[in-house]
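Beneath this line is the structure, given in C-alpha cells, with notes to follow.
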Amino acid sequence: MKRFSVLAAASLLCLGLLGCAPDDDAALTVNGEDILTTGALTDELTQMQGEPDFLVASDARGEGGSAEQPNLRAGFVGVVLSNHVFTALLAEQLAEEGGEVTDADIEEGTSLLEDQLGAPPEGVAPLTLDQVPSDYRQTLIDLYSTFVAFVGALDDDAQAAQDRLLEARLAAEVEVAERYGRWDTEQGNVVPPEGPVSPTTVPLIAPVGG
C-alpha cells in the first residue's frame with residue numbers, strides 16, 4: 001500500500017470561535033446531507049485552542065485572542081472543514097463500490113497517519129498521534145481509513161482513487177456556514193471568508209513514494 005500525505009493550508013485571516021449559531025445548526029452540508037453541526041465543530045476547534053504544541057506544529061494559531069483562548073487562522077479551519085468534506089465524499093464513493101471501512105482499514109489508516117505526523121515536510125515540527133486533539137484525531141483517522149478502504153475497493157489503485165476523489169470534489173454540492181468560509185467549486189475545497197489571505201495549498205490526500 002502506498003503512503004499518503006495530507007497537505008496543510010496557509011492563511012493569515014484569523015477566526016474567533018465566538019458566535020451565536022445554535023449548536024444543532026449545520027456547519028457543513030455535503031450533497032444535501034448535514035455532516036457536521038456548529039456544536040460539533042466548535043467542540044473540535046475548542047480542543048485545539050488548548051493544545052499549544054499542536055497549534056504551533058499545524059501553524060493553526062491566528063492573531064489576537066488570549067494565551068488561554070487563542071484565535072485560529074481561518075485558513076486552517078478551512079482545512080479542517082475540507083477534511084470533513086473529503087471523508088463524506090470518500091464514503092459516498094466507497095458505498096457506490098459496495099465497500100465499507102473495516103478494522104484492517106482503520107489500523108492501516110491510523111498507521112499511515114502516524115507516519116505522516118512523525119515525518120512532516122521540512123520546517124514543520126513532528127507530532128505524535130496523542131498530541132492531536134481527540135476530535136480532530138478522529139477526523140483524520142476517519143479520512144485516512146476511508147481513503148485506504150476506497151483504494152482497496154478499486155483493486156489497490158491509489159491513483160484511480162485520487163482521481164475519483166477529485167472528480168467528486170469538483171462535482172459536490174457543499175454548503176458551509178458563512179462565518180467559516182465558503183466552498184470553492186473550482187478548487188473543490190473550503191476557502192476562508194473574504195479578506196486578505198496568503199496563498200493556500202489545497203488540503204489533499206495524495207500518493208507519494210512507492
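For D103 and T46 in the same chain, what is the full-extension length gain: residue separation times 0.36 nm, less their Cα-Cα distance, in nm?
So the extension gain works out to 17.6 nm.
Starting from the amide H of R61, placed 1.01 Å from N in the peptide plane, find each other amide H under 5 Å away whose residue is 5 or more places distant or on another chain.
So R61 has HN proximity to R73.
L170 versus Q131, label points 7 Å from Cα toward the beta carbon: distance in nm?
Distance between the two pseudo-spin positions: 3.7 nm.
Ranked by accessible surface with a 1.4 Å probe, highest first, in what order do E122, E178, E63 come?
The most accessible residue leads, giving E122, E178, E63.
Where nothing but the Cβ of Lys and Arg (+1) and of Asp and Glu (-1) is charged, how large is the charge dipole of the range 71-136 around its Cα centre, in debye to the nearest 20?
In total the dipole reaches around 540 debye.
What is the spin-label model distance, in nm, from R182 to E122 if the labels are put 7 Å beyond Cα along the C-beta direction?
3.8 nm
Regarding the range 21-131, what's the average projected area of the Cα-atom convex hull, expressed in nm²?
8.7 nm²
Can you give the Kirkwood hydrodynamic radius of the range 85-183 from its Cα pairs, in Å with one decimal?
14.6 Å
The values are calculated or read from the model by the stated rules, or taken from the named source; none is laboratory data. Every value quoted in this text rests on a predicted model; they were computed, and no experiment measured them. Every residue, glycine as well, gets a Cβ built from its backbone with ideal geometry; the counts of neighbours run over all protein chains shown. What goes into the accessible areas is simple: the full protein's heavy atoms, side chains included, and nothing from ligands, DNA or RNA. Shrake-Rupley method; radii C 1.70, N 1.55, O 1.52, S 1.80 Å.
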